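Novice: Okay, here's the structure, questions in a sec.
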Amino acid sequence: MDVVTSQTIGVEVNGTTYEREVEARRLLIHLLRDDLDLTGSHIGCDTGNCGACSVILDRTLVKSCMVLAIQADGASIETVEGLAGEEQLTPLQQASATALLRENPKPSDEEIAKAIQGNICRCTGYWNIFEAIKAASK
């Protein structure tokens, strides 16, 4: 029985194509941060609870600490670095919640609350995040 310990994968990240040899157990967050030097996504809890590592993988919001890099082979990934334009933060970056507002540009308060319930905010108790999303939807 052959055990695969590494594999060459190809991913498109923020419009740039990369090919890397990765260990079968390597997490996507480590590929992004350590191999591609895209440090905007953070390692917060390492258990998929806090959302600090969130990226958009093939148009779906995922927590990159819960995805193996080899699962992203052939995928298109957007990180927070890919949202900026001309060295200036977009309204969505300033307000967060890119995936929510792309899918639902005018969310209700209840829809915003549901969308951010999986991200743990240790500093503001969600209030500033909630208000920022409402502002970006206008």
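Novice: Bins of 5 Å, beginning at zero and ending with the bin holding the largest distance: percent of Cα pairs per bin for the range 1-60, please.
Specialist: All Cα pairs considered, the percentages come to 4, 15, 25, 25, 18, 9, 3, 1.
Novice: A follow-up question, please. Quick one: net charge of residue 75's neighbours, Cβ under 12 Å, K/R +1, D/E -1?
Specialist: Around residue 75, the charge tally is -3.
Novice: Okay, moving on. In what sequence, largest accessible area first, do 25, 33 appear using a 1.4 Å probe?
Specialist: Ranking 25, 33 by accessible area, largest first, yields 25, 33.
The values are calculated or read from the model by the stated rules, or taken from the named source; none is laboratory data. Quick caveat: nothing in here was measured; it's all calculated off a predicted structure. Here the Cβ is made from the backbone with ideal geometry for all residues, glycine too, and neighbour counts use every protein chain on show. Surface accessibility is based on the protein's heavy atoms, side chains included, excluding ligands, DNA and RNA. Shrake-Rupley method; radii C 1.70, N 1.55, O 1.52, S 1.80 Å.
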